[in-house]
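The values are calculated or read from the model by the stated rules, or taken from the named source; none is laboratory data. These numbers were taken from a predicted model, which means no experiment stands behind them. Note that we place each Cβ from the backbone using ideal geometry, even for glycine, and neighbour counts take in every protein chain shown.
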């Protein structure tokens, strides 16, 4: 039960510190100190959740994301910068390296400030596209805030997200409306499975450059729901990168502003709540899966039968070799991190957690069913008969869903053939009785023949018997 | 004075004992010479296992010694061993070979070799001589070559009454390069003990046929069983003994002796061979074994007919016999065809077909043709391997014809078959060597026996008055009148000391030259471990090139314990043995498709290869590159076989023609085809090779060609290790890109090439539906 204790301990530790599952050092890149003040509520919220904020300017020479080859920060929050470049410490290669080293980045963009080239080339690598012209913003003539943008229609009024797919978790839902002033549209590439939009524009929105003199917009950058206002990229190592389309929406004034949609009532924006969700997700307070104990053993031997002795447990748990056609049980323990502690993972009925038993291709693909729940985790299990094929197989749990960290657990085991003494003995096979009988009849017959032959030696005539030879 | 003193030792009973002792001493000396001449490689290099297959045998032997016989029997390949308490629980950490298919090793090998060295190991331990198992393995082949020399003494002595023939055969067998090629110290292969077993089984068989003894027949079967457990070449015995029996029957030489010996051998030998898991039911199911079964039936029939002939009058017997023969022939032939068609009897295997049609393998089974030792033999090889014996051999066979007893028939058949096979396949030179030694010894001993007699001969009817010497010529003339020359049994002899001296002198010179040649060949051609290469420095001193071991130890020290290594199958056993890492394919080429998969990965573009590598969990790719050193046995030279083998499975994806230039040349320079230059093998071979040379001067010293000015780019792999002389290059397979790009653009980004913003989109917009 030691693992349970340690888990509990970790959970307790989490409670005390109450912060992200992947560290609390947050670097906020802000160009001018004046900018910083605009977001004071936002900073306060983050600090309350346990983050240690470091404000730094991209112009600072001493700024460095890495020290001795390790990350100096766990997360980066980039505010829109006026300058074209971001300096030597924040080149796209370094930012990518930061992601490759499990660092998370929240990038905010704004239509007021041009996107630095470092950022746009990084985004290109990730297959996230920003409008080609600097000043494009998203307008929607049907869903705008009538109080602040009755003229320009560039403050979008949005409802919170609905689930991306029927089987995907929705971390960004809730009541209330969001106000997105002067948002930058993002378009997500179609090929990368790592991208997912967090917040999409309404179907009537389009991207448009107000500086363009032309009256009508031909071939806009993006229209309707293809526009992502907040989009996410979760790398294969589960590092998270979020593009927040409107930095202004995080400012204090929009956190508690009153907005009035077309033909609607006055209401308070839910921006503050939404900002919490987005930062919590990006900085890995949400949607982080943790795999605990992974074990497999012969079904015929279970914990009960060999007692609680840890030596005995070592013996039957996780053997490296099985035989073909063994009955095997596979258990895996899953927890999910929720803001500040681990909770048991619940799988949506529309979704399934599956186990593959695979060699080159899966021989089995089975649903894992929850068999028990502890305070922090759920144990999923599956029992099956190994295929009649020897080789090196792996138990594989490959669970990758939007907004949840990637789980790819692989345990290699050897499946061997029958040993020479594991087949049934000859007399147990009824078809072999004929042959066994044949063998013994021959043996007995031969012995009998020899006996008769020796016994029935002809009596030689005494007088000439010897000479006959 | 000396002669007088020696007198009592050379005559009578004491003389026989003295000669026996001398013979023993000579045989021991021969065995000593046989062992000694095989130690070149140990002295020059070190006590190391050679080449490829021996590495597996060595690993298997270690396994056997550490885990006992039963574990070995049920061995499902692993890498090493933790304990031997519970057979299954902790023993198998991970599969070694054929990842991820695994190999039922215990059931797919010939265990004789390993068991033999295991027994020797345990006996030595019992005698309190703890010898390292590696040294036993290294020295097993030389040790057994001494025994082979002894066995050839025995078998040759059965052929002739001359005592010198056996000793000569033993000496020949001891030092002939044809046998040394497979039995130098370190060449720990099945052939190491199999040739001894082959010769000894033949000796026992001759003994059995001569005596008609069930005991000798049973002994033959016993050693045949041992042979089956040791080498796949046992099929040679399985077919040669029945053929001998069959020819004897056809010659009208059927006798109860033959009946007893053959029946005993066949019944017991077949049972014994079926005890080997790898052979199993083959003796009654495969075509190769059918002749033994057929002759067994024939022998029974002939025995039955003989019995009937004694009971039935002659006239009826003829009719009966004719009818019987026809019926039985039709029935057995029909049954054979039916069983073969229905698949109960396995059809001939590919290796067997290639014995009859040397072009067969090249077209149908490239994997067999790709092995150099399966190539047809070049003519000079016969002289190279057998030297003077190759021209004594026909004379010896001729002398067998002269006497043509049962055992001589055997030698004749053996000679004919083995000569043919040796001409078809290089490696079968090995089976030819014993019979050549026997025949050559027969021929040479009769020369020596004739010319080495110091006394002048006296005719048989030497008159008591002692006038004989004067009128020999006249006597000879008398004999000719009497009868045919061949029947008159004259006293033959050489009278002139000059002719004696000249012939003996010439033969002695030949023999000395033979020894010289054997030593030279052994030292120069057959004593290289091929794991370690030797070269001469300008000042004449020896320089050891140890790239293989450098690379294998790098793998052992620097990679994860379960890291999967992909290489061409030639190196599979060595990686398993020296680097202790799992491999995809190895020298046990049981699965052609898996090998073709590796071939495809090597010969395709990176984008095609990468998914294959991912699917097979490959962590590292190891290739052999000889371009820098001029080492011609490298992978680029083997590359066409990879292409051919994979073309056999994926003809629509791989096409051999694409690797040749328009003029049909196989090139690696500027004119190489795009397919060639984009293949993974080419890229891995020449990656970064340019950096060694001044710009534009890169040179491949094996192909003797200048390489393109710009070297190939690799995006899905990164160079992990290159050995000192660039013989071994190891690449690490990259993981999928962390942010979902393809590898080419990831590499371009790392190099600082900014992606161009997508220009004006063409065609309809592709929308995200999610």
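Only one of A:65, A:94, A:77, A:86 is within 22 Å of residue B:750 (Cβ to Cβ) and buried (at least 22 other Cβ atoms within 10 Å of the Cβ); which?
A:86
If we only count helices (runs of 4 or more DSSP H) wholly inside the stretch B:328-388, which ones have 1 or more residues that are modelled with pLDDT under 80?
B:350-356, B:360-364, B:366-369
What tally of residues in the stretch A:92-109 results from selecting those that are touching a helix residue (DSSP H, G or I) at 6+ places or on another chain (Cβ under 8 Å) and either closer than 20 Å to residue A:237 by Cβ or outside the structural domain of residue A:54 (by TED's automatic domain parsing) (or both)?
So the answer is 8.
Of the residues A:186, A:234, A:226, which single one is farther than 26 Å from residue A:28 by Cα, within 12 Å of chain B (Cβ to nearest Cβ), at pLDDT 85 or above and in contact with a strand residue (DSSP E or B) (Cβ under 8 Å, 6 or more places away or on another chain)?
Answer to the selection: A:226.
Quickly run through the stretch B:524-548 and pick out the residues that are assigned to a helix (DSSP H, G or I) and within 23 Å of residue B:622 (Cα to Cα).
B:547, B:548
Just one of (1) crowded, with 16+ Cβ neighbours inside 10 Å; (2) out of contact with any strand residue (DSSP E or B) (no Cβ under 8 Å at 6 or more places or on another chain) trips up residue B:555, so point out which.
The failed condition is (2).
Give the number of residues within the stretch A:236-273 that are touching a helix residue (DSSP H, G or I) at 6+ places or on another chain (Cβ under 8 Å) and under 30 Å from residue A:399 (Cβ atoms).
Residues that pass the stated criteria total 7.
Considering only residues that are surrounded by fewer than 23 Cβ atoms within 10 Å (Cβ to Cβ) and under 30 Å from residue B:153 (Cβ atoms), which ones fall in the stretch B:45-60?
Selection gives B:47, B:51, B:53.
So how many residues does the stretch A:329-346 have that are over 15 Å from the mean Cα position of the chain (by Cα) and touching a residue at least 60 places away in the same chain (Cβ under 8 Å)?
Total satisfying the criteria: 6.
Would you check which residues across the stretch A:347-373 are free of Cβ contacts under 8 Å to residues at least 40 places away in the same chain and assigned to a loop (DSSP other than H, G, I, E, B) and list them?
Hits for the stretch A:347-373 are A:347, A:349, A:352, A:360, A:368.
So, residue B:395, is that one surrounded by fewer than 17 Cβ atoms within 10 Å (Cβ to Cβ) and modelled with pLDDT of 90 or more or not?
Yes, satisfied.
Taking the condition modelled with pLDDT of 85 or more and within 12 Å of chain B (Cβ to nearest Cβ), does residue A:179 pass?
no
Could you tell me whether any residue of the stretch B:564-580 is out of contact with any helix residue (DSSP H, G or I) (no Cβ under 8 Å at 6 or more places or on another chain) and within 14 Å of chain A (Cβ to nearest Cβ)?
yes
Only residues that are touching a residue at least 60 places away in the same chain (Cβ under 8 Å) and either at positive phi or within 14 Å of chain B (Cβ to nearest Cβ) (or both): list them for the stretch A:137-167, please.
Within the stretch A:137-167, A:164, A:165, A:166, A:167 meet the criteria.
Conditions (1) farther than 22 Å from residue B:62 by Cβ; (2) at pLDDT 95 or above; (3) away from chain A (no Cβ under 14 Å), marked per residue:
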position	(1), (2), (3)
B:84	no, no, yes
B:89	no, no, no
B:107	no, no, no
B:114	no, no, yes
B:130	no, no, yes
B:141	no, no, yes
B:158	yes, no, yes
B:164	yes, no, yes
B:174	yes, no, yes
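If you go through the stretch A:378-429 one residue at a time, how many are farther than 24 Å from residue B:100 by Cβ and away from chain B (no Cβ under 13 Å)?
So the answer is 12.
Here is a check on your reading of the model: is residue A:121 more than 11 Å from chain B (Cβ to nearest Cβ) and closer than 23 Å to residue A:197 by Cβ?
no
Is it fair to say residue A:99 is under 20 Å from residue B:745 (Cβ atoms) and facing chain B (nearest Cβ under 10 Å)?
yes
Working carefully through the options A:48, A:31, A:35, find the one that is under 30 Å from residue B:753 (Cβ atoms) and out of contact with any strand residue (DSSP E or B) (no Cβ under 8 Å at 6 or more places or on another chain).
It is A:31.
Filtering the stretch B:738-752 down to residues that are part of a loop (DSSP other than H, G, I, E, B) and within 7 Å of chain A (Cβ to nearest Cβ), which residue is surrounded by the most Cβ atoms within 10 Å (Cβ to Cβ)?
Once the filter is applied, the top-ranked residue is B:739.
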